[in-house]
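Undergrad: After the structure tokens below, expect a handful of questions from me.
The values are calculated or read from the model by the stated rules, or taken from the named source; none is laboratory data. These numbers were taken from a predicted model, which means no experiment stands behind them. Here the Cβ positions follow ideal geometry from the backbone for every residue, glycine too, while neighbour counts run over all protein chains shown. The accessibility values were calculated without ligands, DNA or RNA, using every heavy atom of the protein model including side chains. Shrake-Rupley method; radii C 1.70, N 1.55, O 1.52, S 1.80 Å.
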Amino acid sequence: MSTNTPGATPEITVVHLVRHGEVHNPQGVLYGRLPDFHLSELGRQMADRVAEHLAGRDITYVVASPLERAQETAEPTAKTHGLTVAADDRLIEADNVFEGKTFGVGDGSLRNPRYWKHLTNPFRPSWGEPYVEIAVRMMGALAAARDAARGHEAVAVSHQLPVWTARSFAEKRRLWHDPRKRQCSLASVTSFTYEGDKLVSVGYSEPARDLLPAHLVGQGKKGDKPVGKSFGA
């Protein structure tokens with residue numbers, strides 16, 4: 001609950017929503033919510049870079065999806081600030097029927113007719129967890145992190161689709177989208193700033209940009225520099 005009183009300056013709280021670093025996945029499967037997918041060596045470097053980026057911030061709470069790659073991404077930041085990593089199931093990866101499979105038209109799942117029924121509705125989407133449900137749980141997780149760090153800053157580590165869905169919802173954009181145009185690179189930081197309980201701005205940065213594989217650089221519409229959107233007072 002907000003401690004603001006009428007006429008007082010609203011307390012400012014920032015929740016940094018971080019996408020995890022690169023995952024060791026030599027088979028190239030869609031790992032989704034499967035266990036035992038850990039950060040690669042490069043992914044650990046990305047996690048360290050996030051910790052360096054946030055080292056000077058007033059971080060008082062660190063939370064992550066229960067999946068290993070998210071917990072491992074959160075650990076360096078938590079250690080830097082003398083904190084332990086909490087877990088929140090609402091930050092978990094989106095559910096997907098293609099989990100554990102390769103996804104493509106060559107030797108992937110798309111060549112198998114039994115999966116085509118899951119591709120009929122990109123607006124819900126028909127292949128996985130509805131965007132609306134992702135938005136609801138993610139905004140709940142952000143609110144919980146905000147409440148845990150009132151007047152300070154929090155870090156919450158999640159996954160690309162949940163992070164992008166939360167940002168799209170906050171910025172009042174449609175939730176269905178082209179996945180190739182998400183502005184949410186590996187180890188990126190999407191920062192939600194609150195005045196009391198009110199979300200007033202969203203910003204984006206890529207502290208591990210120089211570590212990204214070449215084909216991922218510039219991912220999204222404005223991936224070449226930090227951007228943000230303000231919602232006014």
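Undergrad: So which of 58, 88, 48 is within 22 Å of residue 190 (Cβ to Cβ) and in contact with a Pro (Cβ under 6 Å, 6 or more places away or on another chain)?
TA: Only one candidate passes the filter, namely 48.
Undergrad: Next question, about the same structure. Which number in (1) in contact with a Cys (Cβ under 9 Å, 6 or more places away or on another chain); (2) open to solvent by 40 Å² or more (accessible area, probe 1.4 Å) marks the one condition that residue 19 misses?
TA: Just one mismatch for residue 19, condition (2).
Undergrad: Then there's this: Would you check if residue 98 is at pLDDT below 95, over 15 Å from the mean Cα position of the chain (by Cα), open to solvent by 20 Å² or more (accessible area, probe 1.4 Å) and within 24 Å of residue 175 (Cβ to Cβ)?
TA: Working: at pLDDT below 95: yes; over 15 Å from the mean Cα position of the chain (by Cα): yes; open to solvent by 20 Å² or more (accessible area, probe 1.4 Å): no; within 24 Å of residue 175 (Cβ to Cβ): yes.
So residue 98 does not fit the description; no.
Undergrad: Oh, and also: Return the only residue of 67, 83, 42 being crowded, with 19+ Cβ neighbours inside 10 Å, modelled with pLDDT of 95 or more and not small (Gly, Ala, Ser).
TA: Selected residue: 67, the only one of 67, 83, 42 that is crowded, with 19+ Cβ neighbours inside 10 Å, modelled with pLDDT of 95 or more and not small (Gly, Ala, Ser).
Undergrad: Can you go through 159, 152 and tell me which one is at pLDDT 95 or above and within 19 Å of residue 96 (Cβ to Cβ)?
TA: 159
Undergrad: For residue 146, are the conditions met, namely being surrounded by 19 or more Cβ atoms within 10 Å (Cβ to Cβ), under 19 Å from residue 73 (Cβ atoms), of a type in the set (Lys, Arg) and touching a residue at least 12 places away in the same chain (Cβ under 8 Å)?
TA: Considered against the rule, which asks whether it is surrounded by 19 or more Cβ atoms within 10 Å (Cβ to Cβ), under 19 Å from residue 73 (Cβ atoms), of a type in the set (Lys, Arg) and touching a residue at least 12 places away in the same chain (Cβ under 8 Å), residue 146 comes out as no.
Undergrad: Quick check on this structure: which one of 77, 73 is more than 16 Å from residue 145 (Cα to Cα), out of contact with any Cys (no Cβ under 6 Å at 6 or more places or on another chain) and not in a strand (DSSP E or B)?
TA: The unique qualifying residue is 73.
Undergrad: For the range 187-231, what are the residues that are polar (S, T, N, Q), closer than 19 Å to residue 10 by Cβ and modelled with pLDDT under 95?
TA: If we filter the range 187-231 for residues that are polar (S, T, N, Q), which is where we start, we get 188, 190-191, 193, 201, 205, 219, 230.
Those left that are additionally closer than 19 Å to residue 10 by Cβ: 191, 193, 201, 230.
Correct list: 230 only.
Undergrad: Which residue pairs have Cβ atoms under 8 Å apart, sit 6 or more places apart or on different chains, and have a first residue in the range 30-49 that is at positive phi and a second that is in a helix (DSSP H, G or I) and open to solvent by 20 Å² or more (accessible area, probe 1.4 Å)?
TA: Qualifying pairs under 8 Å: 36/68.
Undergrad: For the range 149-166, name all the residues that are of a type in the set (A, V, I, L, M) and either closer than 25 Å to residue 57 by Cβ or open to solvent by less than 10 Å² (accessible area, probe 1.4 Å) (or both).
TA: Matches in the range 149-166: 149, 154, 155, 156, 157, 163, 166.
Undergrad: Then there is this: Would it be correct to say that residue 129 is in contact with an Asp or Glu (Cβ under 8 Å, 6 or more places away or on another chain), at pLDDT below 90, buried (at least 18 other Cβ atoms within 10 Å of the Cβ) and not basic (Lys, Arg)?
TA: Answer is yes for this residue.
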